[in-house]
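Novice: Before anything else, here's the structure in question.
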Amino acid sequence: MERVVFFGSPAFALPSLEALIDSEWKPRLVVTRPDRPAGRGRKLTPTPVRELAESRGIPVMILESFRAGGALEALAAADPDFFAVVSFGRIFPPEALAVPRLGCVNLHASLLPAYRGASPIQAAVVNGERTTGVTTMEMAAELDAGPVYLSERTPIDPDENAGELAERLARIGAPLLVETLRRVAREGLRPAPQPPEGISTAPTLRKRDGLVPWDRDAVRVHDHIRGMNPRPGSFTFLRGAALKVLRAAVADPSGPARGRPGTILEARGGTILVSCGGGAVRLLELQAEGRKALGAAEFLRGFALEKGEVCG
């Protein structure tokens, strides 16, 4: 049995870790990020990867920096054949990349070289891509620029949000990661360089990136809302307060602008219609500050929106 050290932190990495545990590649060590404050009480909470590894009896190493606390020495002591990396969130220095005997294999949530970086799933949805996928690659010093082993493509549903797509890609990627390790070890699979054409980036998103761009056409506004949910979350401002927009639908994809972008065109029954730079969208699920998420009809029963009000 080859020796694997697994690196990961968020829920996206869980299917891959489970697939490795249930294969001949059960990790001898799992490396994850430190506990982080979560929830309203900001209680320190372990990463999903740490919780799964500990529940399955796998030793866990908490790593904040490769260059502190003897991290590199501890990793070398595990004598790994592979580092398997899924959403770890840290750049690996050359000294770390050189530790495993057969290399460092990363699972990335895009069809490289498209959307290198921290937010490939959100970027694909926001940009209205019709397909995306997952890629395994040999890690290199430059972010997500290493040569590619395998990839698998999947369509994006036009109403799918980034969270739903992430769950699907995590499940698609898990067997691809296992297959990659097997073929590298058993067949000598070699990666192919990424083509120089089609490179794009998807940098880390901040909360402000979720602000709904009402001046775009309705399709782009809809793509933005679903691409920013659930994280960092899409929102607008109304009456001076933030209003989260959790789900929407295109009501008029290409018609002329109907008033100032962000204007509420209709707010009655179960319909909340808002103008865009072109066309209009229906808001299906919203959340006012300090309130729970509600469907449009229920939201209007407790929050009286007025026709002609402007979001923005």
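The values are calculated or read from the model by the stated rules, or taken from the named source; none is laboratory data. The structure displayed is predicted, hence computed values, not measured ones. We place every Cβ from the backbone using ideal geometry, glycine too, and count neighbours over all the protein chains shown.
Novice: Scan region 119-132 and tell me whether some residue there is in a strand (DSSP E or B), of a type in the set (S, T, Y) and under 23 Å from L14 (Cβ atoms).
Specialist: Scanning region 119-132, I find at least one residue that is in a strand (DSSP E or B), of a type in the set (S, T, Y) and under 23 Å from L14 (Cβ atoms), so the answer is yes.
Novice: Further question on the same structure: Which one of these does L169 not meet: (1) in contact (Cβ under 8 Å) with a residue 12 or more places away in the chain; (2) within 13 Å of the chain's Cα centre (by Cα); (3) surrounded by fewer than 22 Cβ atoms within 10 Å (Cβ to Cβ)?
Specialist: Among (1) in contact (Cβ under 8 Å) with a residue 12 or more places away in the chain; (2) within 13 Å of the chain's Cα centre (by Cα); (3) surrounded by fewer than 22 Cβ atoms within 10 Å (Cβ to Cβ), L169 violates only (3).
Novice: Within region 75-96, take every residue that is surrounded by fewer than 17 Cβ atoms within 10 Å (Cβ to Cβ) and among the aliphatic types (A, V, I, L, M) and give me the one that is nearest to F7 (Cα to Cα). Break it down stepwise before answering.
Specialist: Initial filter on region 75-96 (surrounded by fewer than 17 Cβ atoms within 10 Å (Cβ to Cβ)): 76-77, 79, 89-91, 93-95.
Still in the list and also among the aliphatic types (A, V, I, L, M): 76-77, 91.
On the way: A76: 14, A77: 16, I91: 12 Å.
Filtering region 75-96 for residues that are surrounded by fewer than 17 Cβ atoms within 10 Å (Cβ to Cβ) and among the aliphatic types (A, V, I, L, M), the one nearest to F7 (Cα to Cα) comes out as I91.
Novice: Looking at region 293-303, can you tell me whether even one residue there is assigned to a loop (DSSP other than H, G, I, E, B) and of a type in the set (A, V, I, L, M)?
Specialist: Yes, region 293-303 has at least one match.
Novice: Quick one: is L265 in the same structural domain as G117 (by TED's automatic domain parsing) and either under 18 Å from A162 (Cα atoms) or of a type outside the set (S, T, N, Q) (or both)?
Specialist: In short, no.
Novice: All but one of (1) under 22 Å from P120 (Cβ atoms); (2) assigned to a strand (DSSP E or B); (3) of a type outside the set (K, R) hold for D223; which doesn't?
Specialist: (2)
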